[in-house]
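The values are calculated or read from the model by the stated rules, or taken from the named source; none is laboratory data. Note that the structure is predicted; figures quoted are calculated from it, not measured. No Cβ is skipped: glycine too gets one built from the backbone with ideal geometry, and neighbour counts run over all protein chains shown.
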Amino acid sequence: MLVNFEDEKPIYVQLSEGIEDAIISGAFPEETQIPSTTEISINYKINPATALKGINLLVDNEVIYKKRGVGMFVSSGAVEKLVEKRQVAFFENFIKNMVDEAKKLNISKTDIVKMIERGYGE
């Protein structure tokens, strides 16, 4: 997980998305502990409050939960929840825009599929 201090996206959002990526990839399996906010703040040289804000986004979305006195853990069903969330965002942020642009350029559905297949082949 990388934190880009030059990115327009807030650091806490980058952190949250980085942990989401790690959960989806299996680096943090469900029901296992994730690094503490202190560990995160030290590793990435960020303010502990920023790390906590990123973690709280995941808690609010029920992706992770706190075991009092032990730490933060990945929730059961987190991978499915995150994949579903990302698929909806992918459709909203990419597919809709792609289809709108394809219509403007008179690109057929068949041609779009061919382009996507070509992209997968590269």
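Within segment 13-42, the set of residues being more than 15 Å from Ser75 (Cα to Cα) and among the β-branched types (Val, Ile, Thr) comprises Val13, Thr37, Thr38, Ile40, Ile42.
Annotation: Val79 fulfils all but one of (1) surrounded by 14 or more Cβ atoms within 10 Å (Cβ to Cβ); (2) of a type in the set (A, V, I, L, M); (3) farther than 23 Å from Asn4 by Cβ; (4) more than 14 Å from the chain's Cα centre (by Cα); the unmet one is (4).
Given the criteria surrounded by fewer than 11 Cβ atoms within 10 Å (Cβ to Cβ) and either within 29 Å of Ile116 (Cα to Cα) or not acidic (Asp, Glu) (or both), does Ser25 qualify? Criteria met by Ser25.
Being free of Cβ contacts under 8 Å to residues at least 40 places away in the same chain and either of a type in the set (Ser, Thr, Tyr) or not assigned by TED's automatic domain parsing to the domain that holds Ile112 (or both) holds for only one residue in Ala27, Ala89, and it is Ala27. Are any of the residues in segment 55-71 of a type in the set (D, E, K, R), touching a residue at least 40 places away in the same chain (Cβ under 8 Å) and under 21 Å from Ser25 (Cα atoms)? No, segment 55-71 has no match at all.
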